[in-house]
Amino acid sequence: MRQLISSLRTGKLELIELPTPAVEAGHVLIRSRVSLVSKGTEKMLVGFGRASLFQKARSNPERVKQAIAKIRTDGLIPTIEAVFRRLDEPLPLGYCNAGEIIAIGPGVTGFGIGDRVASNGPHAEIVAVPANLAARIPDGVADDAAAFTVIGAIGLQGVRLARPEFGETFVVIGLGLIGQLVAQFLRGAGCRVIGFDVDRDKVNVARARGIQAVGVDGELDAVKYALAATEGMGVDGVLITASTSSHEVISQSARMSRKRGRIVLIGVVGLNLNRAEFYHKELSFQVSCSYGPGRYEDAYEEKGFDYPPGFVRWTENRNFQAVLAALDTGILQVTPLVSKRVPFGRFAEIYDEIDGGDLASLLQYDPGKALQQRAINLEGGQFDAATGSLAVVGAGNFSKMTVLPALTAAKISVRAIVSAKGLSATHLARKFKVPVSSTDMAAILNDPKVKGVIIATRHDLHASIILEALRAGKHILVEKPLCISPEELRLIEEAIGRRRHAPSSAVSQGQPEFLPIVTVGYNRRFSRHTEKMKFLLGPDSGAISIVMTINAGPVPQDSWLHDPTVGGGRLLGEACHFVDLAIHLSGSMVAEVCALGLNGDPSPVTDVASILLHHENGSIAVINYFSNGHREVSKERVELHSQGRSLVLDNFRTLRGFGFREFRSLKTRLDKGHAREFALFSERINSGGPPLIPWNEIANSTRATFAALKSLRTRAWVRVDDI
């Protein structure tokens, strides 16, 4: 199948071949028939890509501040590399799709194979969307009209926030596509509508729909016009659908409104508000968020939880349904808004003229060209079984920023990359010359050329993928954490035990039994700094004291990391790194754990906590995991004290020694051990050798982290063996 993408770095448009998306739980798979080009949004995205690096920075001052802070903590070169990798990301275009359901994921109800649906799927021949982002198309609504559903919902949500009443007068500023739809919705609600735009063609289109549309490209004063039209009272409400950096639009809206009028922003304008203009009239101002309640909420969109109509009458999905009903009854007329219909393969005919005045253009798909294939072979892909036999499962930021660059630096070839939707995997496969991009993990695990997998997915998937990989007889390196519950740990241990003790035909023939390597991405123990610390301590250091301070920084509260059923929380997902590091440096297992959250917070997803580890050999370690520090303070600091000697490691860049005769300091580029970890994993797969991390240490660090979460809740010491 093919999908249209734009380069975030250059703005170049490309139609690329992708594997068919996987049908995940709660999702539906749709074969596209028509998709609408939203010129406002897509023009902005393409324009950003085509802008110079300086222009990109100027338009994103907060990103610049973040980059400067990263330079101070991580160094210049790693920051530059991170920025350019981010700009290399492909940007999928489009969000207004109409098509036919061809597959339904587990847990989805209310849909059937063959149903025509409107969704927010991108410009692609086959799309996968959550069920709450798809709505069945009535029989009387054509595909072309149904493609307006999602963009119509954006306008409808703004109208709902404005609370129009029959007989009121509303102004719509900006008669682009959304403005035209908003004006029709207001007319349908029994309102008088005045529309303003600088484009005469758009004004004429609105007039043909019965809108009192006025061109403001000359001497006309929009404020005076609106006041005169309402006999000096002012309009009841203003909906802004324009796109401009000017602050004048918001000022005009305030000046033309009546006392206690309502202003709703759907578009993008400058927002320097004049207090006096709002104060004397007691105006209300609100920004409309996309399709409506549920938008950007993981529980609603990804997990499929709905809001009861009695409490939230109009969710984004019910807004979709309302738009489709308006199309079905004729309240909403969209056919006159279509300027061009173009076959998907000729997309350039639309985008080459995206700066023009057309309101709406449609991409039309040929179902016969939408090939369903869960894996594709990429031109230029290189694979050498002698230097690598790995597959990477998961194509998110960690794979892009860390795993694949480290494997490339170590000259380890990768056989395949797997992701659910295919775009991210294909992009990374092309970039790193990997021959196969796939959305079918089972097929990759059954590939005899793949001996080991690196798992870099969301945390809730780790355990199930580990179990599948073990059944397939693959070596495993899973990014931390190993799993997110004691029950998952038990299942993994049972599976490993079966692999180690099951009878083997190879053993009966005198060959050594295959024992899969199972390791966790505790990369910090493979850093040159950590290895130097272990060497300096020597084998007879006895009990030691360790203090680790992690200035983790905040993560948005709606991040999946904070979801206890998906990410498990940051202590489970990230602090486990430092539990392992304490085990490695002390040379001793953790016996018991005590943890305390800020203000006694018992939540397992707290990200401000101190964890105290008591090791079997008497060593003690304190892990201070804080998200409330200043971003310019080093992210990670490790202090180690033993026998009158001290080691201080700052952000895995500088190690200083005190009390050592022949060691003062070690300085390197940021080295958290990833490159050596992946190189050793590949070496073990191809040449054999002991596990990278002994299994009893992996199990102990995992149980110790679970014990820390229990201690947060009970505010007591917890023995690790009791988990």
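The values are calculated or read from the model by the stated rules, or taken from the named source; none is laboratory data. Just so it is clear, the model here is predicted, and its values are computed rather than measured. All Cβ positions, even for glycine, are placed from backbone atoms using ideal geometry, and neighbour counts span all protein chains on display.
Tell me whether the stretch 40-55 contains one or more residues that are buried (at least 16 other Cβ atoms within 10 Å of the Cβ), modelled with pLDDT of 65 or more, part of a strand (DSSP E or B) and assigned by TED's automatic domain parsing to the domain that holds residue 302. No, there is no match, as no residue in the stretch 40-55 is buried (at least 16 other Cβ atoms within 10 Å of the Cβ), modelled with pLDDT of 65 or more, part of a strand (DSSP E or B) and assigned by TED's automatic domain parsing to the domain that holds residue 302.
Residues of the stretch 370-403 that are among the β-branched types (Val, Ile, Thr) and either on the phi > 0 side of the Ramachandran plot or assigned to a loop (DSSP other than H, G, I, E, B) (or both): 387 alone.
Report, by residue number, each residue of the stretch 544-560 that is of a type in the set (A, V, I, L, M) and either modelled with pLDDT under 95 or closer than 16 Å to residue 611 by Cα (or both). Result: 546, 547, 548, 550, 552, 555. In the stretch 115-144, the residues that are without any contact (Cβ under 8 Å) to a residue 12 or more places away in the chain and outside any helix (DSSP H, G or I) form Cβ pairs under 9 Å with partners that are buried (at least 22 other Cβ atoms within 10 Å of the Cβ) and among the β-branched types (Val, Ile, Thr), at six or more places apart or across chains, as follows: 142/34. Of 617, 599, all but one fail to be free of Cβ contacts under 8 Å to residues at least 12 places away in the same chain and more than 21 Å from residue 479 (Cα to Cα); the exception is 599.
Checked against (1) within 21 Å of residue 287 (Cα to Cα); (2) crowded, with 24+ Cβ neighbours inside 10 Å, residue 161 passes all but condition (2). Against the numbered list (1) out of contact with any His (no Cβ under 9 Å at 6 or more places or on another chain); (2) surrounded by fewer than 16 Cβ atoms within 10 Å (Cβ to Cβ), residue 270 comes up short only at (1). Scanning the stretch 211-235 for residues that are on the phi > 0 side of the Ramachandran plot and surrounded by 12 or more Cβ atoms within 10 Å (Cβ to Cβ) yields one hit, 234.
If you go through the stretch 198-210 and keep only what is hydrophobic (A, V, I, L, M, F, W, C) and surrounded by 16 or more Cβ atoms within 10 Å (Cβ to Cβ), you end up with 203, 205, 206. Residue count for the stretch 409-467, restricted to those that are under 30 Å from residue 123 (Cα atoms) and assigned to a loop (DSSP other than H, G, I, E, B): 13. The listed residues are 440, 358, 384, and the only one of them that is at pLDDT below 90, within 30 Å of residue 100 (Cβ to Cβ), not basic (Lys, Arg) and not assigned by TED's automatic domain parsing to the domain that holds residue 180 turns out to be 358. For residue 704, the conditions (1) of a type in the set (A, V, I, L, M, F, W, C); (2) in contact with a Lys or Arg (Cβ under 7 Å, 6 or more places away or on another chain); (3) under 27 Å from residue 540 (Cα atoms); (4) in contact (Cβ under 8 Å) with a residue 12 or more places away in the chain all hold with the exception of (2). In the set 665, 682, only one residue is over 26 Å from residue 569 (Cα atoms), loosely packed, with under 14 Cβ neighbours inside 10 Å and of a type in the set (Ser, Thr, Tyr); that residue is 665. What about residue 605, is it free of Cβ contacts under 8 Å to residues at least 60 places away in the same chain and under 27 Å from the mean Cα position of the chain (by Cα)? So residue 605 passes the test.
Among the residues of this structure, residue 573 does not count as one that is buried (at least 18 other Cβ atoms within 10 Å of the Cβ), of a type in the set (Gly, Ala, Ser), touching a Pro at 6+ places or on another chain (Cβ under 8 Å) and more than 29 Å from residue 498 (Cα to Cα). When residue 660 is tested against (1) within 35 Å of the chain's Cα centre (by Cα); (2) outside any strand (DSSP E or B); (3) more than 21 Å from residue 609 (Cα to Cα); (4) of a type in the set (A, V, I, L, M, F, W, C), exactly one condition is not met: (1). State all residues of the stretch 331-343 that are surrounded by 12 or more Cβ atoms within 10 Å (Cβ to Cβ) and out of contact with any Lys or Arg (no Cβ under 7 Å at 6 or more places or on another chain); if no residue qualifies, say none. Of everything in the stretch 331-343, those that are surrounded by 12 or more Cβ atoms within 10 Å (Cβ to Cβ) and out of contact with any Lys or Arg (no Cβ under 7 Å at 6 or more places or on another chain) turn out to be 331, 332, 334, 336, 337, 338, 339, 340, 341, 342, 343. Look at the stretch 330-358: where a residue is without any contact (Cβ under 8 Å) to a residue 12 or more places away in the chain and a partner is charged (D, E, K, R), sitting 6+ places away or on another chain with Cβ atoms under 9 Å, you get 349/340; 353/340; 356/39. What about residue 303, is it outside the structural domain of residue 162 (by TED's automatic domain parsing), over 30 Å from residue 225 (Cβ atoms), within 26 Å of the chain's Cα centre (by Cα) and at pLDDT below 95? Here the answer is yes, as residue 303 does meet what is asked.
Within the stretch 613-634, one or more residues are outside the structural domain of residue 463 (by TED's automatic domain parsing), at pLDDT below 95 and basic (Lys, Arg). Screening the stretch 196-295 for helices (runs of 4 or more DSSP H) wholly inside it with 1 or more residues that are closer than 18 Å to residue 162 by Cα and modelled with pLDDT of 95 or more returns the ranges 222-229, 248-256, 275-279. Across the stretch 3-33, the number of residues qualifying as in contact with a Phe, Trp or Tyr (Cβ under 7 Å, 6 or more places away or on another chain) and of a type in the set (Val, Ile, Thr) comes to 1. No other residue among 317, 377 is surrounded by fewer than 16 Cβ atoms within 10 Å (Cβ to Cβ), in contact (Cβ under 8 Å) with a residue 12 or more places away in the chain and within 27 Å of the chain's Cα centre (by Cα) apart from 377.
Counting residues in the stretch 164-185 that are charged (D, E, K, R) and either within 20 Å of residue 321 (Cβ to Cβ) or not in a loop (DSSP other than H, G, I, E, B) (or both) gives zero.
Just checking, how many residues over the stretch 578-596 are crowded, with 24+ Cβ neighbours inside 10 Å and not in a helix (DSSP H, G or I)? Qualifying residue count, the stretch 578-596: 3. Here the condition is being modelled with pLDDT of 95 or more, outside the structural domain of residue 136 (by TED's automatic domain parsing) and of a type outside the set (Val, Ile, Thr); of 419, 413, 389, it holds for 419 alone.
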